[in-house]
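Worksheet: the structure to be examined is printed underneath.
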Amino acid sequence: MRIVIADDAVLLREGLVRLLTESGHQVVAAVGDGDALVEAVVKHRPDVSIVDVRMPPSHTDEGLRAAVEARRLVPRTPILVLSQYVEVSYADDLLATTGGAGGGIGYLLKDRVAAIDEFLDALRRVAAGGTVLDPEVVGQLFARRRRDDPLSELTPREREVLSLMAEGRSNTAIARALVVSDGAVEKHVRNIFTKLTLPPDTEQHRRVLAVLTYLRN
């Protein structure tokens, strides 16, 4: 994969460059601020970009804002956000850029990078157009649910399945986590789509829309 890295922490940035290069990938740009990230995405059209949330000048949410801008200028460009924190507002904005247009999105806490195989797997899934969310991100976004909850018709088991979907797990992985059959999970997923009034479409598209509904409520 051709990859752009945006992180102002030189040690982490260079560490990612080395890890990804040794894993057979090509780092086409490694930058330290949001403006440079946007420029690199527009110039290189990478297979995926790895973006830190807090970068110069204010070290608040420049990375997320730059990621949203990159997605605006290059629709569907896959973005994997890495952060020590969950920035709820801009995380929601970034997830909203999936919509019906596709394009991979991921948001992981930096602790996950220590599990190298899991990190590389998440990167591949985002590059392939998937959605990968850290459980902590899911938890904090879920805490913002509105009083008018479109998920109210879901059974506890369907909510559990949807929660695992929001972490980017496949039906097989969900079945393994819940110790049920693949067929049972497929039935729960169909019920979720029906109760959330998601029209027939590609399976991936409906999964993204279901996850967005879950996170926003």
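Below are the figures for this structure:
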read-out: Solvent accessible area, Å² - E153, 1.4 Å probe, full protein context; value: 120
read-out: Nearest 10 degrees, 0 to 90: helix 62-73 Cα axis against the chain principal axis; value: 80
read-out: Farthest positive-ward along the chain dipole, Cα basis, beta-carbon charges - from G106, L64, P200; value: P200
read-out: Solvent-accessible ranking of R206, R125, R176, largest area first, probe 1.4 Å; value: R176, R125, R206
read-out: Cut-off under 5 Å, modelled amide H: who pairs with A30 long-range; value: I5
read-out: Table column - 3J(HN,Hα) (Hz), region 21-30, Karplus curve with 6.51, -1.76, 1.60, x for Gly and Pro; value: 5, 5, 8, x, 9, 10, 8, 7, 7, 10
read-out: Gain on full stretching of the segment that runs from R176 to V17 - 0.36 nm per residue minus C-alpha separation; value: 53.9 nm
read-out: Accessible solvent surface per residue of the chain, calculated while the other protein chains remain in place, 1.4 angstrom probe, Å²; value: 47
read-out: Extension gain from K195 to R124, taking 0.36 nm per residue of separation minus the Cα-Cα distance; value: 22.5 nm
read-out: Partner lysines for K195 [C-alpha distance under 26 Å; skip if fewer than 8 residues away on the same chain]; value: K187
read-out: Accessible surface of the chain [probe 1.4 Å, protein heavy atoms]: carbon and sulfur percent; value: 50
read-out: Between helix 34-44 and the chain: long-axis angle, C-alpha atoms, 0 to 90°, nearest 10; value: 90
read-out: Which of K43, K187 is most accessible, then next, and so on - probe 1.4 Å; value: K43, K187
read-out: CD proxy at 222 nm, helix term only [per DSSP H run n ≥ 4: -39500 (n - 2.57); per residue of the chain; nearest 500]; value: -15500 deg cm²/dmol
read-out: Long-range amide H partners of G106 with built H, under 5 Å; value: I79, L80, V81, V132
read-out: Around I5: net Lys/Arg minus Asp/Glu count, Cβ-Cβ under 10 Å; value: -2
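The values are calculated or read from the model by the stated rules, or taken from the named source; none is laboratory data. In this text the structure is predicted, and so the values were computed from the model without any measurement. Cβ: placed from backbone, ideal geometry, glycine included. Neighbour counts: every protein chain shown. Note: accessible area is taken over every heavy atom of the protein model, side chains too, but ligands, DNA and RNA are not part of it. Shrake-Rupley method; radii C 1.70, N 1.55, O 1.52, S 1.80 Å.
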